[in-house]
Structures are given as structure tokens and as C-alpha cells.
Amino acid sequence: MAKDPKDFWQDYEKRTGEKVLAYDLGRYIRGWDALTPPLWGLLIVSSGGFRFHHFPQESWMETLSRTASGGDAPQEKTLFVPKERILGADFWVETAWWKRLLTFQAPLLTVRCLTETGNETLIAAETEKKASVLAEHIRSLISP
């Protein structure tokens, strides 16, 4: 049986110990060495920082193939950037009508941050127009 979204987010907050401020579905495309793009998942802004959470799924054919070959089941993949390491966030959507007509470019959320080693990186994910709220919440986490 499918889980109620409200219950899912309550469980997620209990598991992370942080309040979820905003979320959206997105496709991670670059910026973090531990993740191999492209990956679909949840883009989450919490009271503690920015998260990307990929929940793996397999079709029944993939499960049969993996089981027959003795392969491992796909694993969850997560990325967490504590708010102390976030430097900025931007949201971009194509505004030129003729470019939108000729070529599709998904809206892009970018998060500029420091890696665990102190190097600056730019995490990018394609998402929807309503995800502009994510960038606003991320920017609100940054200390003035």
C-alpha cells in the first residue's frame, strides 16, 4: 500500500532531525564526485541544509536479470550540504519565448557550496518552475 505523503515527510524529519522547509522532484546533473549523474530524486531544503535523495527503483525485468546474474540491488544515494557550507543558490528558467519554442531546457537549480575538503563546487539539478521556492529557502539558510 502506498504511504501517505504527510507520513513520509514526518518520518523523514524524524530520521534527519531537521524540519523540511521545501522539496521538489529533480534530476541531479553535476557537482558532487560521489554521485554519478544523471539521477532522479528529491531536492530537499531542511533547517540543516540542502539534500538530494535518490530512491532507487527496479522494474521486474531488472530485478530478474540482477537476481539471475547475482548482482547487488541498487542502493539509495544521498547528498547533504550543511547550511554552514552553502555559499549561494540560484534558479534559472529560460525566458526567451523563441528559445523555449525551439529547444527545451528544464529550469535549473544551482547550489554553490564547499565540499568536505573545502573546495568550492556548483551542484546543479534540472527541475520544475515551482522549484524557485527551493532557491529562496536555501538563500534564507545562509548567515548574513
Exposure of Ser132 as accessible area (Å², to 10), given a probe of 1.4 Å and all protein chains: 40 Å²
Nearest-10 value in Å² for the accessible area of Tyr12, using the 1.4 Å probe: 10 Å²
Residues in segment 7-36 that a label on Glu76 would reach, taking backbone N under 16 Å of a point 7 Å out along Cα→Cβ: 7-20
Whole-Hz couplings from phi, Karplus 6.51/-1.76/1.60, listed for segment 11-25; x for Gly and Pro: 4, 4, 5, 5, 5, 8, x, 10, 7, 7, 9, 6, 7, 6, 7
Solvent-accessible ranking of Ile29, Ile123, largest area first, probe 1.4 Å: Ile29, Ile123
Apportionment of accessible area to carbon and sulfur, segment 1-54, percent (1.4 Å): 55 percent
Computed lengthening from Glu128 to Ser47, 0.36 nm per intervening residue step minus Cα-Cα distance: 27.0 nm
With all protein chains modelled, accessible area of Lys3 [1.4 Å, Å²]: 120 Å²
Asp7, Asp33, reordered so the largest accessible area comes first (probe 1.4 Å): Asp33, Asp7
Apportionment of accessible area to carbon and sulfur, segment 75-133, percent (1.4 Å): 53 percent
Heavy-atom SASA rank of Leu87, Leu79 (probe 1.4 Å, accessible area, largest first): Leu87, Leu79
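The values are calculated or read from the model by the stated rules, or taken from the named source; none is laboratory data. Predicted, not measured: the structure shown is a model, and the values here were computed from it. Don't worry about glycine lacking a Cβ; one is built from the backbone with ideal geometry, like all the others, and counts go over all protein chains shown. Quick note on the areas: whole protein, heavy atoms, side chains included, nothing else; ligands and nucleic acids left out. Shrake-Rupley method; radii C 1.70, N 1.55, O 1.52, S 1.80 Å.
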